[in-house]
Amino acid sequence: MGRYALHAVIALCLTASVAAAQTQDPDARAAAVEKQMTDAERVQLLHGILAIPGGGDVNPPGVPITGGFIKGVSRLGVPDLIESDASLGIVNPNRLRPGDTATALPSGQTLASTWNPKLAFSGGALLGREARARGFNVVLGPGLNLARNPRNGRNFEYVGEDPLLAGVLAGETIRGIQSERVVATAKHFALNNDETLRHTADVQIDKDAARESDLLAFEIAIKRGNPSAVMCSYNLVGGAKACGNDWLLNQVLKGEWKFPGWVMSDWGAVDDVFYVNAGLDQQSGQQIDKQVWFDAPLREGVARGTITKARVSEAVRRILRGLYAVGADSPGAKPAIDQAAHNAIARQSAREGIVLLKNEGAILPLAANARRILLVGGNADIGVLAGGGSSQVTPVGGPAALTHVGGPGLLGQWGDQLYAPSSPLKALRAALPKTEIAYESGYDVETAAAMARGADVAIVFATQWQLEGWDATTMRLPQGQDALIAAVAAANPNTIVVLETGNPVEMPWAEKVKAVIAAWYPGQQGGDALAEILTGAVNPSGRLPQSWPIDARQNPRPEPIGLGQPEGTRVTLDYKEGADVGYRWFAHQTFKPRYAFGQGLSYTSFAYSKLSARVRGDSVTVTATIANTGARAGASVAQLYLTGIAGKPALRLIGFEKVELAPGQRKVVTITADPRLLADYRNGAWRIGGGRYDLALGQSSADLALRASVSLKSATLPR
Ligand code: BGC
């Protein structure tokens, strides 16, 4: 046989064996490969490093600086796990990979405000492609802890306060990431809703209530997205660390939900080798823990019989099956990144995720004949703010600004406030070439007010920086910005406020300004998207994924817990609200939030009519007609709520659908409720009590125009 023919045969055989391997059931393949491993190879897969040099550690040769690294078993074709944060873009930690920039997506809250699962999928696929292009095969996201505390430093990474919305969007992000043969990691499991004393905060919650709230979000996301990995969290739940929590990991995740993938720890979350018996499969970021538990201590445990060999093999099989299920072991050629296409995804997410909260006298969109507009503050001349911590992305084009914060702890370590280079000022000037648009920093309140006096419209950009490892201590805008807004509003009756925040904030000036926009952290296309919304080139369609309290007194835990206590102090977080997170909490109170969950304005108007509901098995399907009654194209988010069970009031989002409508157009929407939201979790199962179920459809949790009732039979839902 000639040389070329031989090559062709070899190539054919290789292709055939790769194809056979890919089509083989991932569990069978994992079992076959695990069997061939030595004990040393097994243990090697169960622990790995934070691959960021420091404190005397250096990365093994050839390992890029990144969030995590686990050595594979090359003789058996098991790849190294090269893990990267996270869900807002592919992170270059502390910019230690020189020149490596990535698409900086809008924050998780912005994505959640789109109520658009398709955007979650395309954002996920973007993450998968950008990960694969760098040789990463595990994305350490998405995060979907519910926003129980509107001061939580990481809410900007997450997808709101509602289990259905968060579960659906995170599930789609997972599907998107894994469609690119990259493992997705649902995190942080579970009930990690605060950053203060995150290693020692002990969440006390009724177990059934946890199943109906934070765990339901994970259940929905996991069943929808099938992530290969789940990351357990730092905090304790019911007295046991989440990564060593038998109830969370063995009983619920792996037992009831039959999650077939692997559980990796958060970085520095392992205190004991026996976490392996509670369901933890892999120790990540091992040098941050007191010990590399999942190496020598694990082998000793096996030798002594306190850890079974079978358990070790099972943990290995879970990792392998996770890799094989998505094809992460055969990623193919590194994809070329179409930056224009990725910018378009980031732009669309910002367009749909920016929420118009107030628009008195239809001051927005900006009149084309405004002669002079003044922009104040928020570095709006150069870009838009991003959140900090392990999810902070170095945007394409590089940071527009990095402002050092400093100080002790994570606030100091991660203390660079990053602005993505998408300038609202430049974008507005390009959109309104005939208007004189000036920028004033807002550093001096009097100067800003004096300049505002001479403008037709003043737009104040107010920022609140949030980051991993640190919760806001109040809900007020920091650094005197309330006084700045009040002064500008007093000087100019046409004042608009754009908020770039990681959470809802107090608005003592709310009645004094004409319009308010919640832009969250809108990503590297955010300034351009904001200009499109301000000028009306894009009609806002974002809806709040989080209730917007008037002030911190409205929260279930009004005072920050653990503030000022040294690291390691044990605190109890008593979740007395149980499953009543966010709008469900408000539904039981005598007070109302400033803006309700699901709320958001449009430049057009919608009419909802003809609600009909019919029972289908254990669920309910509704149809209704939605009409665009205004003069502009726009999108409405039809939200279906359960409002009563057998005469007892309730408020639960049970389904939603975003509908695009041309002026005058009407469409019939069909929404089927998720049966778990019609049920309660009791005595180990989802149970529908039966009787009359009251439903309401509307444009927010506080605007429920259409009502219907159905009668459901009592039922226990299949697992
Ligand atoms: C964070 C995780 C992150 C990990 C790796 C931890 O501090 O909590 O979300 O994936 O670091 O960077």
Q) What percent antiparallel are the DSSP beta bridges of the chain, to the nearest 5? A) 60
Q) How large is Rg/Rh for region 295-420, to two decimals, with Cα atoms and a Kirkwood Rh? A) 1.19
Q. Summing +1 for each Lys or Arg and -1 for each Asp or Glu, what net charge is found among the other residues whose Cβ lies under 11 Å from the Cβ of Pro227?
A. +4
Q: Tell me the label-point distance for the pair Ala310, Ser709, using the 7 Å Cα-to-Cβ offset, in nm and rounded to one decimal.
A: 5.3
Q) So what does Asp703 come to for accessible area, using a 1.4 Å probe and Å² rounded to 10? A) 70
Q.
Checking a compactness column here: for region 325-376, what do you get for Rg(Cα) / (2.2 N^0.38 Å), N being the number of residues?
A. 2.09
Q.
For Ala650, what residues show an amide H to amide H distance below 5 Å, using hydrogens built from the backbone and excluding near sequence neighbours?
A. Gly644, Ile645
Q. Once both axes come from the Cα atoms, what is the angle between helix 214-225 and the longest principal axis of the chain, in degrees from 0 to 90, rounded to 10?
A. 70
Q. Cα-Cα pairs above 37 Å in the chain: how many percent?
A. 39
**Q.** Table column - 3J(HN,Hα) (Hz), region 175-184, Karplus curve with 6.51, -1.76, 1.60, x for Gly and Pro
**A.** 4, x, 4, 6, 5, 9, 6, 10, 5, 9
Q. What is the distance in Å between the Cα centres of region 79-146 and region 527-584?
A. 22
(Q) I need to check one value: relative contact order of region 470-568, counting alpha carbon pairs closer than 8 Å and at least 6 residues apart, in percent. (A) 27
Q: Return the tail of the calculated pair distribution for region 370-483, meaning the percent of Cα-Cα pairs more than 24 Å apart.
A: 34
Q) Quick one: Cα convex hull volume of region 198-279, Å³ per residue? A) 86
**Q.** Within region 626-645: backbone nitrogen closer than 11 Å to the Arg666 label point (7 Å, Cα to C-beta)
**A.** 626-629
Q: Give the whole-number value, in cubic angstrom per residue, of the convex hull volume spanned by the C-alpha atoms of region 554-705.
A: 157
Q. What list of whole percents do you get for P(r) of region 150-253, with Cα-Cα distances grouped in 10 Å bins up to the one holding the largest distance?
A. 16, 48, 32, 4
Q: Compute the acute angle (0 to 90°) between the alpha-carbon long axis of helix 309-326 and the principal axis of greatest extent of the alpha-carbon atoms of the chain; round to the nearest 10°.
A: 50
Q: Quick one: plug the Kirkwood hydrodynamic radius of region 42-117 (C-alpha pairs) into Stokes-Einstein at 4 °C, 1.567 mPa s, and report D in µm²/s.
A: 89
Q.
With angles folded into 0 to 90 degrees, how steeply does helix 526-535 sit against the dominant principal axis of the chain? Use alpha carbons for both and round to 10.
A. 30
Q) When Lys and Arg each count +1 and Asp and Glu each count -1, what net charge do the other residues less than 11 Å away from Asp100, Cβ to Cβ, add up to? A) +2
Q. Which value in nm describes the separation of the simple spin-label points at Gln479 and Lys434, placed 7 Å from the Cα toward the beta carbon?
A. 3.7
Q.
I'd like the accessible area for Thr716: 1.4 Å probe, protein heavy atoms, all chains in place, Å² to the nearest 10.
A. 80
Q: Please give the contour-minus-distance gain from Asp57 to Ala240: 0.36 nm per residue of separation, less the Cα-Cα distance, rounded to one decimal in nm.
A: 62.8 nm
**Q.** Cα-based equivalent ellipsoid of region 507-607: semi-axis lengths in Å, sorted from largest, via gyration tensor
**A.** 32, 19, 13
Q.
Here is the link list: Lys118/Lys658; Lys118/Lys223; Lys207/Lys648; Lys223/Lys309; Lys254/Lys309. Which ones come out longer than 20 Å on Cα distance?
A. Lys207/Lys648; Lys223/Lys309
Q.
Suppose all protein chains stay in the model; what accessible area per residue would a 1.4 Å probe give for the chain, in Å²?
A. 36
Q.
Give the aspartates and glutamates whose C-alpha is closer than 12 Å to that of Lys358, dropping any in the same chain fewer than 8 places away, or say none.
A. Glu511
Q: Quick one: which residues, 5+ away or cross-chain, put their amide H under 5 Å from the amide H of Lys358? H built at 1.01 Å from N.
A: Val516
(Q) For a quick check: with amide H placed at 1.01 Å from N, whose amide H comes under 5 Å from Ala201's, ignoring anything fewer than 5 positions away on the same chain? (A) Leu236, Val571
Q) Can you give me the Cα centroid spacing of region 388-463 and region 204-251 in angstrom? A) 38
Q) Of all the accessible heavy-atom surface of region 415-490, with the other protein chains kept in place and a 1.4 Å probe, what percent is carbon and sulfur? A) 52
**Q.** Helix-only [θ]222 nm of the chain, DSSP H runs n ≥ 4, -39500 (n - 2.57) each, per residue, nearest 500
**A.** -8000 deg cm²/dmol
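The values are calculated or read from the model by the stated rules, or taken from the named source; none is laboratory data. Every value quoted in this text rests on a predicted model; they were computed, and no experiment measured them. Cβ coordinates were reconstructed from backbone atoms using ideal geometry, including for glycine residues, and neighbour counts include every protein chain displayed. The protein model used for the area step is the full one, side chains on, heavy atoms only, and it has no ligands, DNA or RNA in it. Shrake-Rupley method; radii C 1.70, N 1.55, O 1.52, S 1.80 Å.
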